[in-house]
Amino acid sequence: MEKNSMETKLKNVMATDRKYEDIDDDLEQELEDEFSKNKVVKVAAKPLPTYGAGPFFGVVAIALTVLGVIFGHTEALENGISETFRIPYIVLGAILIFAAALIWTRAVFDTNIDSYIDSGRLCTTGIYAFTRNPIYAAILFACTGVLFISGNVYMYALPIIFWLFLTVLLQNTEEKWLTERFGNEYKEYMQRVNRVIPFKK
């Protein structure tokens, strides 16, 4: 009698296991169907590039600035150097270089932008509340300051070229990447904050 009771209990346990196996199989199939239906991405989001378009812009801007200083003091272009406004140009150039150093320091050290990049978050605080691209702004300001100190008015067209080049570069690289990654959050950020010039809209 005891043997029959044990056999009955064993059969009940096995039947329960089979029942839950069926439930697990059904649940797994439902999840697979849900993933397929909604096209849920199962992989982690692709990390953002660490440096973006910055190195390319930096190399181009610095190289053209060096060439501008060199050619601005050649005999062929020396009439572009104005002695009348020499001191004001130097003062303005020094202010721009100081501003560039301040912006760069705020972006790299105060905000610690690398931590945002590593964690895949959008930074909109600190200096990033005034310019979406403070490091690029710093490069632009520094190169402009050097050109003003150099003092050849013919070379003052280069900062405008830098700004136009940076605008087109960002529109076709980082702004596309960030819009795809953050969607409306980044679009709203673009409406509030300038691309380069550190002033709120």
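A search for C-beta distances below 8 Å between a residue of region 53-67 that is under 17 Å from THR167 (Cβ atoms) and free of Cβ contacts under 8 Å to residues at least 24 places away in the same chain and any residue that is charged (D, E, K, R) and surrounded by 12 or more Cβ atoms within 10 Å (Cβ to Cβ), counting only pairs 6+ apart in sequence or on different chains, returns nothing. Kindly establish whether ASP114 is acidic (Asp, Glu), open to solvent by 50 Å² or more (accessible area, probe 1.4 Å) and under 21 Å from MET190 (Cα atoms). In short, yes.
Checking region 42-53 against the condition returns a match, with at least one residue being under 33 Å from the mean Cα position of the chain (by Cα), at pLDDT 75 or above and either under 30 Å from ARG132 (Cβ atoms) or open to solvent by less than 90 Å² (accessible area, probe 1.4 Å) (or both). Looking only at region 171-198, filter to residues that are of a type in the set (A, V, I, L, M) and open to solvent by 30 Å² or more (accessible area, probe 1.4 Å); which one of those is nearest to THR125 (Cα to Cα)? So the residue we want is MET190.
Being within 17 Å of GLY54 (Cα to Cα) and hydrophobic (A, V, I, L, M, F, W, C) is the filter here; which residues of region 108-121 pass it? Hits for region 108-121 are VAL108, ILE113, ILE117. Within region 129-156, no residue that is free of Cβ contacts under 8 Å to residues at least 60 places away in the same chain sits with its Cβ atom under 8 Å from a residue that is not in a helix (DSSP H, G or I) at 6+ positions apart or across chains.
Checking GLY126, GLY120, GLY145 one by one, the residue that is small (Gly, Ala, Ser), open to solvent by less than 50 Å² (accessible area, probe 1.4 Å) and within 17 Å of ILE87 (Cα to Cα) is GLY145 and no other. For region 10-32, the count of residues that are part of a loop (DSSP other than H, G, I, E, B), exposed (fewer than 12 other Cβ atoms within 10 Å of the Cβ) and at pLDDT below 85 is zero.
Find the residue count for region 87-100, including only residues that are closer than 15 Å to ILE127 by Cα and exposed (fewer than 14 other Cβ atoms within 10 Å of the Cβ).
The qualifying residues number 0.
The values are calculated or read from the model by the stated rules, or taken from the named source; none is laboratory data. Values in this document were obtained by computation on a predicted structure and should not be read as measured data. Neighbour counts are summed over all protein chains in view; Cβ atoms, including those assigned to glycine, are modelled from backbone coordinates with ideal geometry. These accessible areas exclude ligands, DNA and RNA; they are computed on the full protein's heavy atoms, side chains included. Shrake-Rupley method; radii C 1.70, N 1.55, O 1.52, S 1.80 Å.
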